[in-house]
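Take a look at the structure set out below.
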Amino acid sequence: MPEPSTPPDRDAAVARRFDDWIRPRLRAMITDELIAEHERQPLGQHSDALERVLNYFRRQPIPDKYAIVCTVPDREWRICRLSGRRGVGPALIDDEVFNSEEKAHHAVFLRRIRDLRGS
């Protein structure tokens, strides 16, 4: 007797379709002005366009997601990637060091934009 097949994951299919639909719209929203707005104030209240882009980035799956780690309390921050697996810590992605948390947040934002644009 043949094994029953696993039904397709409809939630994942819908999520992929939505992602395929939203990515070009978000790419069109990313302007020099939007990037400058984030650089001026990476945390706090933002324009509608910047909030939409940030919300998309926040909803990304945990594996390989960029994050910030403080390597010297209140003095030094670096960018890492989260593994998404229990017991496996984040991995630093390069040697770049930031002297403020805000600069590190903006650097993560720029990396996410680069990934969204596919460059």
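Bear in mind that the values in this text are calculations on the coordinates, not laboratory data. This is a predicted model, so every value here is computed, not measured. Every residue, glycine among them, receives a Cβ derived from its backbone with ideal geometry; neighbour counts consider all protein chains shown.
A few points about this structure:
- Cα long-axis angle, helix 10-29 against the chain (0 to 90 degrees, to the nearest 10): 30
- The length gained on full extension between residue 6 and residue 85, counted as 0.36 nm times the residue separation minus their Cα-Cα distance, comes to 26.0 nm.
- Among the GluC sites (Glu not before Pro) in region 16-119, those located in a DSSP loop and surrounded by at most 13 other Cβ atoms within 10 Å of their own Cβ are 96.
- All Cα-Cα distances of the chain, cut into 10 Å bins from zero to the largest, leave 11, 35, 32, 13, 5, 2, 0 percent in each bin in turn.
- Under the criterion of Cα pairs below 8 Å and six or more residues apart, the relative contact order for the chain equals 20 percent.
- Along the chain, longest interval not containing exposed trypsin sites (Lys or Arg not before Pro), exposed being DSSP loop plus at most 13 other Cβ atoms within 10 Å: 1-58
- Scalar couplings 3J(HN,Hα) for region 90-106, obtained by applying the Karplus form with A = 6.51, B = -1.76, C = 1.60 to θ = phi - 60°, are x, 10, 5, 9, 6, 9, 5, 10, 10, 8, 8, 5, 5, 5, 5, 4, 5 Hz; x denotes Gly and Pro.
- Using the Karplus relation 6.51 cos²θ - 1.76 cosθ + 1.60 with θ = phi - 60°, the per-residue 3J(HN,Hα) values for region 58-75 come to 5, 7, 5, x, 5, x, 6, 6, 6, 8, 10, 10, 8, 9, 9, x, 6, 9 Hz, with x marking Gly and Pro.
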